[in-house]
Each structure stands twice: as C-alpha cells, then as structure tokens.
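The values are calculated or read from the model by the stated rules, or taken from the named source; none is laboratory data. Note that this is a predicted model, so its numbers are computed, not measured. In this analysis, Cβ positions are derived from the backbone assuming ideal geometry, glycine residues included, and neighbour counts consider all displayed protein chains. The accessibility values were calculated without ligands, DNA or RNA, using every heavy atom of the protein model including side chains. Shrake-Rupley method; radii C 1.70, N 1.55, O 1.52, S 1.80 Å.
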Amino acid sequence: MTNYYDHKECMPAEERESRKTLQITDMITAGYHKSSRIRKMFENLQLDYSEVSTLVDYERLPIISREKLIELEMSEPPYGGLNNAEAEIDRIFISPGPVYEPHLSENDHLWARAYHAAGIGKGDVVLNAFSYHMVAAGLTFHGGLRRVGATVIPSGTSSSQLQVQLIRDLEVTAYTGTPSFLLAIINKAEEMGYNFKKDFRVRRACFAAEPLAPSLRERFEQEYTIDTYQMYGATEVGDVSFECREKKGWHICEEVLVEIVDPATGKKAPSGALGEVVVTRFNTIFFLFRFGTGDLSRIIESPCPCGRTSYRLDGIAGRVGDAVKVRGLFIAPSQLNKIREKFDNVKFQILVTRTSHEDILTVRLETKETSINTVSLEDDFRKFFKDACTVKIDRMEFLNPGTLKEDDRLIVDQREWK
Ligand SMILES: [Zn+2]
C-alpha cells in the first residue's frame, strides 16, 4: 500500500491554498446561478459575487450554524433553497432537526482518505457499526471503505452479541464506529467466554462521532493490540479531517475548506488560537457555505512527519458555548484539563475579571506539597499555560492548602459588562 491516498495530500501548502480559493470561487459562481437562496444572500449583503476572489473576501459571507440551517430549510422546504434544482441527487439523508441533505455519491471520496491513512485497504474485512438508518453515517463510511478496497459488513447498530458473532464468523480485521460501542462489543465477547485479543483478528479501529478518551485509546492499543485512529466530520459537510499514523493532530481533507474563526466576528482567529471550526465542502449540488460546527479547535501549520502537507486540526477542545473568551481568545475546559494532568501536584482555578475595559486573567493556585519551589513552579506553569491556551496569565496567587475544594469550578468568570 502506498503512503498517500493521492498526490494531492503532498502538494505544497501554497498550491493547496490557491486551489481551494479557486474551488470556493467556482462554488460561489455556481451557487449564485443555481440557488435562489445564495442569490438572495448576495443581494442582502449588497455584494457582487464576483468580488469574492480571496479567502479574506470569503469571510464576508455569514456563518450558517446547524440551527440556522434548520430555520432555512423550514422556511423553504426541503433544502432551504441552498440546492442546485437541476442537479441529480441519488440519496437524501435525514438528521435530527430535521435537516435534509441531498447527496450525490458517485464522485465523492468521503472518509476514504481517513481509512487509507489508517492502513485499511484490500484484504480487510471491516465491521461498520455506524447507523445506516436515515442518517449519512452508515452509507458514507461504507462508501469510504469500498473506495479503499475493503470488504464491509453493514452491521450498523445491531446488538453487541450479533457483532461478536460477525467478528468471529467473518474474521473481521477492523472496526469502524464509536469507541464506546467497540468497548461494549469487547465486554460482550469476554462475557461470552472469548479472549478478544487471542480469539479474534480485529487489529484496527477507526472512530468518529464521539471523543476518544486517552485512557480508552491506551486500553484498546495495549490490552487488545488494536491500532486506533480518530476521524472527524459533521453530517452536514461530510468528512473534515483524519489522523495519520503519527497521531498528532488531524489532517484536513482536500475536499473541504476549514476556517478557524472567532464566532463573534466571523473572521479568522489569530494564528494558533482556538476558534470555531467552520467548514465548506466543495459541492455542486448543495451550496452550504461556511457551516459553523460549534466545535472549538486550532490549526497546526507545522509539517507532519508522515509527509502529508495539509494543515492539521489539534483535536476538538470542546464546544463554543462551553468556553470562556479572554482578550478575544477562547479557553476551553479541555485545555485546562491538560494543564491539570501536567501539574498533578497542584490545584488551581482561573479567575477572569475586568479592569478599565481590559480582561485580567488570574490563576489561583495551591500546592499539595509544602516543600515545592514556588518560583520555578510559577515559571513552568505560566509557560505551559501560554502554550496550551495561547492566553497569557496576568497574575498568579498562591493560596493556603485547603482553600480550593474539589467541586470548585475550574474557571470563574466575574466580568460585568456595563
Ligand atoms: Zn500526518
């Protein structure tokens, strides 16, 4: 098997940017001519569609959240006028809302890059435990597995007992689905008297739709020798990014444009900072520009040792609504948890206040051991905090042991907006 799905994965970053810009402008031109809603949108913005020629111009278009998409579809059923009325559609997916998504499968490569990067291909027999019922998951993951040459068992959401039977009878080599369901299948197999590692051949797993906890990943890999990979996408836009064998960030797919934006302004977040993941899938039948996922992430621009030149998403730090914004930068609970893991000998709490129209970030910290060198601890903490959260600490307060309680909130926002 070759290392890359196709040559596009290794193109120079500048070439990718100009290619994606061209794809966006082509999609805008097509959308303007084929979709009533897009034409109306440009009229409302008082913007000539041909004036959008760079990715900076593109930021002038509004972000469409899932809620907004539902609203649009309800006002103009079934697709909110975002579709190309002349286009052929081979299937219509339905997701809760309801959201109707017209789809043409013939030319898509959905999830194929992810499976290829995970080393799945010809000779693999893959259990696809994503639902095939109405939603896009089952069929699109199935399509990706077929693209890379694997044989697929469309087991969907069948019972864990039946999944164990299929794994045994059909000599399944890989699993795709959620991590929690794989764990349930393993537990069921053990309950049925099998030794999952010795009796079965499952050696790879590709997960989506649910976060993969590091402890669970370690368990799959160490205890059951299953090589695990994370994939990320959204039902409205398909596959967005995937892990390569380095497992340090998720490569952005060639078929989408990903922006990391400040949801308040719709403009690009500062380089390396957290922001909302906004996705546009290059598409000729459904003109969904700038879909706001509500997920928080940041971009890794540095080259990946695997050789792919695409930028990577640094996992998902949480949902926009759960994060607190300090001096325009998001701090998500998951980032603070990373700090907590690193400094397991301290307890801390973040306090955000506001003085003279400026945000002040204070860290209140107490050590579990009294002998600790607070000067070097403060230095280390400040540095790690800045790396993890991008935001600089303004003040650090050392508290007496026992001041912070277990159930105290990790981040307290005391700003008043008057
Ligand atoms: Zn890589």
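Some values worked out for this structure:
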| read-out | value |
| --- | --- |
| Whole-Å distance, taken between Cα centres, linking the range 54-132 and the range 284-334 | 18 Å |
| Magnitude of the charge dipole, the chain, Cβ model with Lys/Arg +1 and Asp/Glu -1, debye to 20 | 480 debye |
| Under Karplus coefficients 6.51, -1.76 and 1.60, residue-wise ³J(HN,Hα) of the range 257-266 in Hz, glycine/proline x | 9, 10, 10, 10, 10, 7, x, 6, 10, x |
| The range 1-158, accessible surface, carbon-and-sulfur percent (1.4 angstrom probe) | 53 percent |
| Relative contact order %, the range 75-225, counting alpha carbon pairs below 8 Å whose residues are six or more apart | 19 percent |
| Karplus (6.51, -1.76, 1.60) ³J(HN,Hα), θ = phi - 60°, over the range 277-286, in Hz, Gly and Pro reported as x | 7, 10, 10, 10, 9, 5, 8, 10, 10, 9 |
| Amide H partners (placed H, <5 Å) of A136, local residues excluded | I94 |
| D (Stokes-Einstein, µm²/s), Kirkwood Cα radius, the range 175-258, 1.002 mPa s at 20 °C | 155 µm²/s |
| Net dipole in debye of the range 31-177 [+1 Lys, Arg Cβ; -1 Asp, Glu Cβ; about Cα centre; nearest 20] | 360 debye |
| Local electrostatic count, N3, Cβ distance below 10 Å [Lys/Arg +1, Asp/Glu -1] | +1 |
| Dipole of the chain, positive end: most advanced residue of A269, F385, S180 [Cβ charges, Cα centre] | F385 |
| Amide hydrogen neighbours beyond the local backbone of G318, cut-off 5 Å, H modeled | L296 |
| For I153, distant residues with modelled amide H under 5 Å away | V126, L127, N128 |
| Computed lengthening from R146 to N195, 0.36 nm per intervening residue step minus Cα-Cα distance | 14.7 nm |
| Whole-number percent relative contact order across the chain, with pairs defined as alpha carbons under 8 Å at least 6 apart | 12 percent |
| Equivalent-ellipsoid semi-axes of the range 270-334, from the Cα gyration tensor, Å, largest first | 22, 19, 9 |
| Inter-label distance, nm, simple model (7 Å from Cα along the C-beta direction), Q414/R39 | 5.7 nm |
| Distance cut-off 28 Å, percentage of C-alpha pairs in the chain lying past it | 55 percent |
| Most positive-pole-ward Cα, I285, S18, G315, against dipole of the chain from beta carbon charges | G315 |
| Rg/Rh for the range 32-126, where both radii come from Cα atoms and Rh is the Kirkwood radius | 1.08 |
| Per residue accessible area of the range 26-141, 1.4 Å probe, in Å² | 47 Å² |
| Among I372, I285, I28: highest mean-square fluctuation, GNM of the chain, C-alpha pairs under 10 Å | I372 |
| Computed over the range 146-200, Kirkwood Rh from alpha-carbon pairs, angstrom | 11.7 Å |
| Protein-only accessible surface order, largest first, of E67, E246, E15 at 1.4 Å | E67, E15, E246 |
| Extreme residue, positive dipole direction of the chain, given options F398, P154, M192 (C-beta unit charges) | F398 |
| Value of D in µm² per second that Stokes-Einstein yields for the range 233-324, Kirkwood Rh from Cα pairs, at 37 °C (0.692 mPa s) | 244 µm²/s |
| Residues of type lysines that K188 reaches as a straight line, Cα spacing below 18 Å, ignoring anything fewer than 8 places off in the same chain | K197, K198 |
| Karplus 3J(HN,Hα) series, Hz, for the range 349-361 with 6.51 cos²θ - 1.76 cosθ + 1.60 (x for Gly, Pro) | 9, 9, 10, 10, 10, 9, 10, 6, 6, 10, 6, 10, 10 |
| Length added when fully stretched, R319-D387, from 0.36 nm per residue minus Cα-Cα | 22.5 nm |
